[in-house]
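First comes the structure, then the notes that go with it.
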Amino acid sequence: MTVTPLRVARRRPARDLAAAQEAAAAFLTALGVDLSADSLADTPGRMARAYADLLTPREFRLTTFPNDEGYDELVLARAIPIRSVCEHHLLPFTGVAHVGYLPGERILGLSKLARVVELFAHGTQVQERLTKQIADWLTTHLQPKGVGVVIEAEHLCMTLRGVQAVGATTVTSTLLGTLRDDARSRAEFFTLAGLNHR
């Protein structure tokens with residue numbers, strides 16, 4: 001059995017944590033936060049490191065295997081945790097992604113579905129784009145017969161500010177190939193993802 005590895009990373013400008021820390025201090029000071037208190041003295045550095053973590057995905061090796069057995073049923077990873085940052089307010093949004101595909105000639109190492117979600121979730125995002133990027137990427141690199149991605153997330157920019165709609169969840173979906181064109185396959189995807197029983 002042959003394995004096809006591919007090192008995956010998103011190109012990003014180099015990060016400068018020292019400059020980010022200075023900018024965070026200036027930002028907090030401009031908003032009236034007194035950084036002279038002992039408990040706040042290290043906050044700009046912590047803030048810079050926290051955002052660096054939220055905005056930087058880890059590299060991974062994409063591993064695919066020949067579909068020697070000709071498996072042609074849905075493969076689905078349900079409730080993959082996501083955390084991302086809304087590009088409009090730079091506040092986090094968190095939730096889960098349900099990602100499935102109908103195999104073609106190759107199958108994917110299961111942990112890699114979560115890695116692909118993480119790849120695109122880390123960074124400034126909008127949920128609609130994130131959903132489509134995951135589906136498009138899997139279609140390009142795996143060439144399955146169909147791909148389905150549904151994301152359910154709570155956005156702090158919606159629950160902590162503005163309308164303050166606490167508990168509101170946003171749901172987005174992208175269906176490609178057979179999962180878009182065939183009603184039975186589409187229904188199976190939503191049922192297995194647990195989206196038809198609410």
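The values are calculated or read from the model by the stated rules, or taken from the named source; none is laboratory data. Quick caveat: nothing in here was measured; it's all calculated off a predicted structure. Positions of Cβ are backbone-derived with ideal geometry, glycine not excepted, and every protein chain shown enters the neighbour counts.
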Checklist entry - Give me the pairs: first residue in the range 86-105 and among the small types (Gly, Ala, Ser), second residue outside any strand (DSSP E or B), beta-carbon distance under 6 Å, and six or more apart or on different chains, which are they? => result 97/117; 100/74; 100/189; 104/143; 104/144; 104/145
Item to check | Qualifying residue in the range 59-82 (condition: surrounded by fewer than 19 Cβ atoms within 10 Å (Cβ to Cβ), touching a residue at least 60 places away in the same chain (Cβ under 8 Å), acidic (Asp, Glu) and in contact with a Leu (Cβ under 8 Å, 6 or more places away or on another chain)) | outcome: yes
Checklist entry - What pairs can you find where one residue is in the range 129-149 and over 19 Å from residue 86 (Cα atoms), the other is in a loop (DSSP other than H, G, I, E, B) and small (Gly, Ala, Ser), and their Cβ atoms are less than 8 Å apart, with a gap of 6+ or different chains? => result 142/104; 143/104; 144/104; 145/104; 148/193
Next on the checklist: With the structure loaded, tell me whether residue 156 is out of contact with any helix residue (DSSP H, G or I) (no Cβ under 7 Å at 6 or more places or on another chain) and in contact (Cβ under 8 Å) with a residue 12 or more places away in the chain or whether it fails that test.
Outcome noted: yes
Next on the checklist: Condition first: modelled with pLDDT of 95 or more and of a type in the set (D, E, K, R). Now tell me which residues in the range 116-140 satisfy that.
Outcome noted: 128, 129, 132, 136
Item to check | Within the range 73-185, helices (runs of 4 or more DSSP H) holding 1 or more residues that are within 17 Å of residue 54 (Cβ to Cβ) | outcome: 111-121, 127-142, 156-159
Next on the checklist: What's the total number of residues in the range 117-155 that are touching an Asp or Glu at 6+ places or on another chain (Cβ under 7 Å) and of a type in the set (A, V, I, L, M, F, W, C)?
Outcome noted: 1
Next on the checklist: Please go through (1) at pLDDT 95 or above; (2) closer than 30 Å to residue 178 by Cα for residue 19 and return the number of the only condition it doesn't satisfy.
Outcome noted: (2)
Checklist entry - Counting only residues that are among the hydrophobic types (A, V, I, L, M, F, W, C) and either in contact with a strand residue (DSSP E or B) (Cβ under 6 Å, 6 or more places away or on another chain) or closer than 18 Å to residue 118 by Cβ (or both), how many does the range 12-59 have? => result 4
